[in-house]
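The structure under discussion is supplied below as structure tokens; questions concerning it will follow.
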Amino acid sequence: MTEIDAEEAARHKAKMEKRKQVQDAEVAEKTVEKGLLIVNTGPGKGKTTAAFGLALRMLGYNKRVGVVQFVKGAWHTGEMDAFKRFGDQVVWHTMGEGFTWETQDLQRDIAAAERAWAKAEELLADPTIGLVVLDELNIALRYEYLDLQQVVATLSARRPDLHVVVTGRNAKPALVEAADLVTEMTATKHHFKAGVKAQQGIEF
């Protein structure tokens, strides 16, 4: 362990005391409590993973969680099995049929997105749910499978205490503008580039 002399320790303590005063004052200024519209977007990995981290946190406070997956559907995922263990605390709907280059059927993709959005509207209207995860909704909006203005209007009109997380690349500017919190995941380095395939427990 590195030895720290008394003078250095005293300087550090004084500095941290000042920092704590600033932090405490900043926290005290924040008085608004509301449901948040959160958007996880960008080319980097982790958008859905982060959303499910919030879902787990909500469940820790005995809040119900609703999930609608707009694109994913072809793969069996570990998170689906994990959340099933919470019983009726989690309402899970996998509505996608795979990415558009897999289905190769525009009308089918639009119909699947519309079914998923109808289910999302049901969850948004459920007063027992504290968090709704709309996984890959950004993909459906990017390809114009859904009406952007209608989606943004519905999300903006949600009940005041409901949290919503939207995931997927290329979030539309109108959704970003309406959101309370937007995180852009960047791709600094990815194992796919080195030929590593999608792996159980990491990608699905």
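Can you tell which of Gly168, Leu134, Gly201 lies farthest toward the positive end of the dipole of the chain, using +1 and -1 charges on the Cβ of basic and acidic side chains (Lys, Arg; Asp, Glu)?
Positive-end residue among those listed: Gly201.
If amide hydrogens are placed 1.01 Å from N in the peptide plane, which non-local residues have theirs closer than 5 Å to the one on Gly46?
HN-HN under 5 Å from Gly46: empty list.
What list of ³J(HN,Hα) values in whole Hz, one per residue of segment 132-149 in order, does the Karplus curve 6.51 cos²θ - 1.76 cosθ + 1.60 (θ = phi - 60°) give from phi, with Gly and Pro shown as x?
So the Karplus estimates, Gly and Pro as x, are 10, 9, 10, 6, 6, 4, 4, 5, 4, 6, 4, 8, 6, 6, 10, 7, 4, 4 Hz.
For segment 187-204, take each phi angle, set θ = phi - 60°, evaluate the Karplus expression 6.51 cos²θ - 1.76 cosθ + 1.60, and give the result in whole Hz per residue in order, putting x for glycine and proline.
Calculated HN-Hα couplings, in order: 10, 7, 7, 9, 5, 4, 4, 9, x, 7, 7, 4, 10, 4, x, 10, 9, 8 Hz.
Could you pull out every residue, at least 5 positions away or on a different chain, whose amide H is within less than 5 Å of the one on Thr94? Hs are placed 1.01 Å off N in the peptide plane, and Pro or chain starts have none.
Close amide H contacts, sequence-distant or interchain: Gln69.
I'd like the chymotrypsin sites (Phe, Trp or Tyr not before Pro) in segment 1-110 restricted to DSSP loop residues with at most 10 other Cβ atoms within 10 Å, sorted by number.
Those satisfying the criteria are Tyr61.
So who's got an amide H within less than 5 Å of the one on Val133, skipping anything under 5 residues away but keeping other chains? H placed 1.01 Å off N, in plane.
Gly66, Val67, Val68, Val165
Using just the alpha carbons, could you tell me how many Å³ per residue the convex hull of the chain encloses?
That works out to 187 Å³ per residue.
Here's a follow-up. Going through segment 6-44, which trypsin sites (Lys or Arg not before Pro) have at most 15 other Cβ atoms within 10 Å and a DSSP loop state?
Answer by residue number: Lys30, Lys34.
What is the packing order of peptides 191-200, 35-44, taking the mean over residues of other C-beta atoms within 10 Å and listing the highest first?
35-44, 191-200
Please report how far the C-alpha centroid of segment 114-183 lies from that of segment 38-71, rounded to the nearest whole angstrom.
Between the Cα centre of segment 114-183 and that of segment 38-71, the gap is 12 Å.
Quick check for me: using +1 on Lys/Arg Cβ and -1 on Asp/Glu Cβ, what's the dipole size of the chain about its Cα centre, in debye to the nearest 20?
Details: 27 positive and 29 negative charges, 62 e Å.
Dipole of the chain, to the nearest 20 debye: 300 debye.
Continuing with the same structure: Apply the Karplus curve 6.51 cos²θ - 1.76 cosθ + 1.60, θ = phi - 60°, to the phi angles in segment 175-181 and return the couplings in whole Hz, x for Gly and Pro.
Calculated HN-Hα couplings, in order: 6, 4, 5, 6, 6, 8, 9 Hz.
No value in this document is a laboratory result; all are computed from the given coordinates. Note that the structure is predicted; figures quoted are calculated from it, not measured. Note that each Cβ is placed from the backbone with ideal geometry, even for glycine, and that neighbours are counted across all protein chains shown.
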